[in-house]
Amino acid sequence: MIELKTAGEIAAMREAGRVVAAVHAAVRERAAVGVSLAQLDEVARTVIEDARAGASFLGYHPAFGATPYPGVICASVNGVMLHGLPTPYRLRDGDLLSVDCGAYVDGWHADGTVSFTVGEPRAEDLKLIKVAEETLAAGIEAAVPGGRMGDIGHAMSTVGRGAGYGMQNDFGGHGIGRAMHESPFVPNEARGGRGLLLRPGLVIAIEPSLMAGGDDGYYMADDGWSVCSADGSRSVHVEHTVAVTSDGPVILTLP
Ligand code: MG
Ligand code: MG
């Protein structure tokens, strides 16, 4: 069942989205060569606690997860595309990092991901991040009343695939509200003009991921969480929680 949200509920999710954006800002500021992913998770925990919010990821246990999730962020480095665990791994010069975080306020969730480099960036990584952000922006732009769910995926794959990057559709976006993951599924790639009619009050996380090597293959690492590009190429993930409103799409995970 797809639950449409009222303006008041969307406002509550906007508060959660501000917390997610604050986590992204704090983690980004702290991330540097030699800093561990576990330390970044601690930074995120502090931001969430200080905001008197809850951590959506902590203890989360989806069907594909090996164990309840042990952190408050996913920290995915280089060839890890999604769900990287906040391990003691220390960031190295030129690493490409995606930080995914969910938070809830008064029981309403928001979910967002940013990607950035640490130390001296590689030009190809900066391009990958830029195209991913453009891919996400295209998806958000298509999240308008009267449009179809397929329009979002079509807009995103046009940009991401158009730049020659690999994409996958097994891990895409999702409805979000009282639970972090709700119906409907939001594909990263789809045929335009198909699928669910988009209506005001629909709130979805839109979250494309791109693989630099251009292949679509991925595998689950031995840790039971990390989703990695099959060709080992660098990958990137970006995400916003977005409300479809009669005034157009509203991003809830901005500062
Ligand atoms: Mg997320
Ligand atoms: Mg999500």
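Charge dipole of the range 7-251 (Cα centre as origin; +1 on each Lys and Arg Cβ, -1 on each Asp and Glu Cβ, all else neutral): 300 debye, rounded to the nearest 20.
Fewest Cβ neighbours within 10 Å first, please rank 228, 74 accordingly. Intermediate results must be reported in sequence, preceding the final value.
On the way: 228 22, 74 25.
Ordered by Cβ neighbours within 10 Å, fewest first: 228, 74.
When the helices of the chain are scored as -39500 (n - 2.57) per DSSP H run of n ≥ 4 and the total is divided over every residue, the value at 222 nm lands at -9500 deg cm²/dmol.
Relative to the current alpha-carbon distance between residue 64 and residue 11, full extension at 0.36 nm per residue lengthens the span by 15.9 nm. Put simply, the amide H of residue 233, placed in the peptide plane, has neighbours under 5 Å in 213, leaving out anything fewer than 5 places away on its chain.
Computed about its Cα centre, the charge dipole of the range 197-250 is approximately 260 debye, with only Lys, Arg, Asp and Glu carrying charge at their Cβ. Here each label is just a point 7 Å from Cα along the line to Cβ, and for residue 30 and residue 141 those points are 3.5 nm apart. With contacts taken as Cα pairs under 8 Å and at least 6 residues apart, the range 7-251 reaches a relative contact order of 21 percent. Sorted on the mean count of surrounding Cβ atoms within 10 Å across their residues, most packed first, peptides 16-24, 83-91 read 16-24, 83-91.
Quick note: the coordinates plus some simple rules give every number you see, no bench work behind them. What you see is a predicted model; the values in this text were computed from it and never measured. Please note: Cβ atoms are built from the backbone with ideal geometry, for glycine as well, and neighbour counts cover all protein chains shown.
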